[in-house]
Amino acid sequence: TKAILPVPTQPSEVTELAHSFNTLLTTINDHASQEREFISNAAHELRTPIAAIRGHVRLIERRGAEHPEIIPRSVKFIDDESQRMQKLVNSLLTLSRADRGTLQLDYFDLAEALNETVEEERTVLKQPLEVAGVVSTVIYGNAESVQQIVAALLDNAGKYSPVDQPITVRLVKTATAVQLQVVDHGPGIADVDKSHIFERFYRVDSARTRQIGGTGLGLAIVAQLVALNRATITVQDNHPQGSQFIVAFPLSQPNSDKLSD
Ligand code: ADP
C-alpha cells in the first residue's frame, strides 16, 4: 500500500509540499471570499424590489382611501416587483442545487432533446426560430439539463435581439466534439465582457438590462449545468452582428478517459 502523503526527504520536496499547501490555502480563501460576495450580491438584488414594494404599500395606506385611482398602478408595481423577486429566488435555488449537485449522465439523442425544446420556445419567442444540422446525434450527458441550457440561451437571444431577426439553433460535428450553437443578430457582446458574462450577477449594461428584467444569473446557471455535463461553453461574435454561444460536448466515451473519478 502507498502512503497518501509521502514524507518529504529532500529539501526540494519540502519546498514543493509547502508550495502545494499555499496553493490549497489560496484556493480555500478565494472560495470563501467568492461566497461572501455572492451572498452580498444576492441580498442587494433582493433589497431593491423589497424597498419598492414597501414604498407602494405605504403609498396605498396613506393616500389610497382619498385617491383610490392610484391603487391599480401601485398594485401592478407590487405584482411586477414580486415576480422579479420570485424569479431571482428561483434562480438562486437552481444555482445552489447545481453547485452541490451531480447529474445522472446517460446516452441520449441530442437532436430529439433539442427539437422538443425548440418547439416549446417557438411559442414563447417573438423572433423566427431556425434550426440547422439537427440530425440524430447520441451524446453522453443529462438530457433535461441540456434542454434547460438551450432554453436559457434561447431566452437570452430573444431578450437581447430584435424581433424581426431570426435566431438559429445549430448542431455542428467536429472531429472531437458536437457543438450546439445558438446564434442571434442582437447587439453582440463586447470583448471585454465576454470573459465575465458567465459570472454570477454580471450584466453588461445594468441600466438597460434592468429594464429587460434579467437577474444576471441566467448564464451562471448555464455555465454550471454545462460543467455538470462535462461540456464547455464559449461565446463568439456572429457576423455581421450578434452573438454565438457554443456548447461543445466531447465525443469521447465516458470511460475512455478519466471521467470515472
Ligand atoms: P440576465 O438575467 O441579465 O440576462 P445572464 O446571466 O443571462 O443575465 O446574462 C448576462 C449578461 O450577458 C446580460 O445581462 C446581457 O448583458 C448579456 N447577454 C446575454 N446573452 C446575450 C445575447 N444573446 N446578446 C447580447 N447580450 C447578451
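The values are calculated or read from the model by the stated rules, or taken from the named source; none is laboratory data. On a predicted model such as this, the values are computed, not experimentally measured, just so you know. Cβ atoms come from the backbone with ideal geometry, glycine included; neighbour counts cover every protein chain shown. Heads up: the accessible areas ignore ligands, DNA and RNA and are worked out on the full protein's heavy atoms, side chains in. Shrake-Rupley method; radii C 1.70, N 1.55, O 1.52, S 1.80 Å.
Quick rundown of the values:
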{"item": "Within segment 8-46, tally of residues that are within 30 Å of Arg84 (Cβ to Cβ), open to solvent by 80 Å² or more (accessible area, probe 1.4 Å) and either touching a strand residue (DSSP E or B) at 6+ places or on another chain (Cβ under 7 Å) or not acidic (Asp, Glu) (or both)", "result": "5"}
{"item": "Only listed residue being without any contact (Cβ under 8 Å) to a residue 12 or more places away in the chain, β-branched (Val, Ile, Thr) and surrounded by 15 or more Cβ atoms within 10 Å (Cβ to Cβ), chosen from Ile78, Ile53, Ile71", "result": "Ile71"}
{"item": "Top-ranked residue of segment 123-152 - restricted to ones that are of a type in the set (Gly, Ala, Ser) and away from the ligand (no atom under 15 Å from the Cβ), ranked as nearest to the chain's Cα centre (by Cα)", "result": "Ser145"}
{"item": "Looking only at segment 120-153, and only at residues there that are assigned to a loop (DSSP other than H, G, I, E, B) and of a type in the set (Val, Ile, Thr), the one that is nearest to Leu228 (Cα to Cα)", "result": "Thr137"}
{"item": "Qualifying positions in segment 164-216 - among the basic types (Lys, Arg), outside any loop (DSSP other than H, G, I, E, B) and either surrounded by 13 or more Cβ atoms within 10 Å (Cβ to Cβ) or at pLDDT 90 or above (or both)", "result": "Arg170, Lys173, Lys194, Arg210"}
{"item": "Among (1) outside any loop (DSSP other than H, G, I, E, B); (2) in contact with a helix residue (DSSP H, G or I) (Cβ under 7 Å, 6 or more places away or on another chain); (3) within 12 Å of the ligand (Cβ to nearest atom), the one test that Val247 misses", "result": "(3)"}
{"item": "Conditions (1) within 20 Å of Ser40 (Cα to Cα); (2) more than 8 Å from the ligand (Cβ to nearest atom): number failed by Gly218", "result": "(2)"}
{"item": "Evaluation of Asp155 against (1) within 22 Å of Thr215 (Cβ to Cβ); (2) touching a Ser or Thr at 6+ places or on another chain (Cβ under 9 Å); (3) open to solvent by 30 Å² or more (accessible area, probe 1.4 Å); (4) within 16 Å of the ligand (Cβ to nearest atom) (one fails), failing number", "result": "(2)"}
{"item": "Unmet criterion (only one of (1) within 30 Å of Ser91 (Cα to Cα); (2) in contact (Cβ under 8 Å) with a residue 12 or more places away in the chain) for Ile60", "result": "(1)"}
{"item": "Residue pairs meeting the criteria (Cβ under 7 Å; at least 6 apart or on separate chains; first touching a residue at least 40 places away in the same chain (Cβ under 8 Å), in segment 128-141; second open to solvent by 30 Å² or more (accessible area, probe 1.4 Å) and hydroxyl-bearing (Ser, Thr, Tyr))", "result": "Tyr140/Tyr107"}
{"item": "Some residue of segment 134-149 being open to solvent by less than 20 Å² (accessible area, probe 1.4 Å) and among the small types (Gly, Ala, Ser)", "result": "yes"}
{"item": "Scope segment 88-118; condition touching a Leu at 6+ places or on another chain (Cβ under 9 Å), part of a helix (DSSP H, G or I) and not aliphatic (A, V, I, L, M); matching residues", "result": "Ser91, Thr94, Thr117"}
